[in-house]
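Working notes, beginning with the structure itself.
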Amino acid sequence: MNKNKKRNIIVKLFMLIFIFFLIIYLSKEAGYYEYKMYNKTKLTQEAILKFENDVNEGKDVSIEDYVIDDYVDYTNTFTDIGYNIGEFIEGVMNKGIKKTLDVFRKLFYE
């Protein structure tokens, strides 16, 4: 690749990063996150009122009736592999650091 093509790729990459930054920044400034949190709070307040009404009326109450579970599990084979690789690297690093510290301890303290 010549110098102009490399420079062109770098400029496009920075422009793409800048566009992502602008999207995130503008969504924050527009209050998107706060609006989502407000809706969750509103739903929680409505659930509390429903719970209090049901208790006052003597109905049988269960937590599943009042809590909205919106958890979505995004794990798949690739995330499991990535997690296992990370755990392996963490184990290797911990063992390596412990052995290095043991060597220093033997050199300087014994």
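The residues of the chain expose on average 99 square angstrom of accessible surface per residue, using a 1.4 Å probe on protein heavy atoms. Hey, in the GNM for the chain with a 10 angstrom Cα cutoff, which one of Glu90, Glu64, Glu29 fluctuates hardest? Taking springs between Cα atoms under 10 Å, the residue moving most is Glu90. Remark: the chain carries a charge dipole of roughly 1620 debye about the Cα centre, counting +1 on each Lys and Arg Cβ and -1 on each Asp and Glu Cβ.
Pairs of lysines in the chain whose Cα atoms sit within less than 21 Å of one another amount to 9, provided the residues are eight or more positions apart or on different chains. Taking Lys and Arg as +1 and Asp and Glu as -1, the other residues whose beta-carbon sits under 15 Å from that of Phe88 total -2.
Between Tyr74 and Gln45, what FRET efficiency follows from the Cβ-Cβ distance if R0 is 30 Å, with the result rounded to 0.05? Approximately 0.55, to the nearest 0.05.
Of the solvent-accessible surface of the chain, computed with a 1.4 Å probe over protein heavy atoms with every protein chain present, carbon and sulfur atoms account for 64 percent.
The values are calculated or read from the model by the stated rules, or taken from the named source; none is laboratory data. All of these numbers come straight from a predicted model, not from anything done at the bench. Don't worry about glycine lacking a Cβ; one is built from the backbone with ideal geometry, like all the others, and counts go over all protein chains shown. Ligands, DNA and RNA are excluded from the accessible area calculation, which covers all protein heavy atoms including side chains. Shrake-Rupley method; radii C 1.70, N 1.55, O 1.52, S 1.80 Å.
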